[in-house]
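Remarks on the structure that follows.
The values are calculated or read from the model by the stated rules, or taken from the named source; none is laboratory data. Keep in mind the model is a prediction, meaning the values are calculated, not measured. With ideal geometry, Cβ positions are generated from the backbone for all residues, glycine too; neighbour counts draw on all protein chains shown. Heads up: the accessible areas ignore ligands, DNA and RNA and are worked out on the full protein's heavy atoms, side chains in. Shrake-Rupley method; radii C 1.70, N 1.55, O 1.52, S 1.80 Å.
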Amino acid sequence: MLDTIEKPSTFHLEYPIENISIATDSVAGETAYHFTLAPSKEEMEKSLIIPWKGLFFSLIGVAFVAILWFWFRKKPSKRQPVPLGENKEMALRNELLRQSEVYKRFVKKGYFSKSRKAILETVKEQEINELCDFVNNVYTSFSEFLREKELSDKDSQFCCLVKSGLSTFELAEIYCVSESAIFKRKQKLKEKLGLKADKRTLDEIVQPL
């Protein structure tokens, strides 16, 4: 009987062999080969690049957040904040004015409304004086400001009406003049107050007082 020798199989491996082990079964007459393949050069380079990329982008993200935080913290405010106490006090004074009876009478007649009306009910001189007196009592600093400027009674009255929130149109109705006449009067009052160079309107000037 002739022994038959089988031709061994040939394998072409893509990766180099890192380790090889042989196990022989004497009973069955079989031999098993166990290969441990080493990764290719490209895979090794890729496995090293990916962690470095992640670290690089993480550092960029941290740097970006730090720059934004520093910029917003150091950015100067264009508007000087008003202390909270002053805001509350002014809000209370404004509410006190709105709850006054004389103010409510002006509202009832159509003044202090957001919608423009062609004809407003006539306001009596006594009611105007009452409103001005109430404005002076509520806004004490405003009253002191007017006294320091030594304005005439008529000019002080006009400033009080502006302070109360009446619009140029409403003031024109009260004084029975044109709106342009009210605008000119406001400009002259700014000069009398020594605020000609101030770019704000008279309404904006008296509002915080």
Among (1) in a loop (DSSP other than H, G, I, E, B); (2) at pLDDT below 90; (3) open to solvent by less than 20 Å² (accessible area, probe 1.4 Å), the one test that L166 misses: (2)
Given the condition under 23 Å from N94 (Cα atoms), open to solvent by less than 40 Å² (accessible area, probe 1.4 Å) and touching a residue at least 12 places away in the same chain (Cβ under 8 Å), answer yes or no: does some residue in segment 171-181 qualify? yes
Among the residues of segment 162-175, which ones are within 14 Å of L209 (Cα to Cα) and either in contact with a helix residue (DSSP H, G or I) (Cβ under 6 Å, 6 or more places away or on another chain) or basic (K, R) (or both)? V162, K163, S164
Please list, ordered by first then second residue, the pairs with beta carbon atoms under 6 Å, 6 or more apart or interchain, first in segment 190-209 and closer than 26 Å to E89 by Cα, second of a type in the set (S, T, N, Q) and surrounded by fewer than 15 Cβ atoms within 10 Å (Cβ to Cβ). L209/S141
Mind telling me which of the residues L146, L151 ends up being surrounded by 13 or more Cβ atoms within 10 Å (Cβ to Cβ), assigned to a loop (DSSP other than H, G, I, E, B), at pLDDT below 90 and in contact with a helix residue (DSSP H, G or I) (Cβ under 8 Å, 6 or more places away or on another chain)? L151
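With the requirement that a residue be open to solvent by less than 80 Å² (accessible area, probe 1.4 Å), in a loop (DSSP other than H, G, I, E, B) and closer than 15 Å to Y175 by Cα, what does segment 104-121 give you?
Narrowing segment 104-121 to residues open to solvent by less than 80 Å² (accessible area, probe 1.4 Å): 106-107, 109-113, 115, 120.
Now drop any that are not in a loop (DSSP other than H, G, I, E, B), which leaves 109-113, 115, 120.
Y111, L120 - these are the residues of segment 104-121 that are open to solvent by less than 80 Å² (accessible area, probe 1.4 Å), in a loop (DSSP other than H, G, I, E, B) and closer than 15 Å to Y175 by Cα.
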Being modelled with pLDDT under 90, open to solvent by 50 Å² or more (accessible area, probe 1.4 Å) and not charged (D, E, K, R) is the filter here, so list the residues in segment 182-200 that pass it. G194, A197
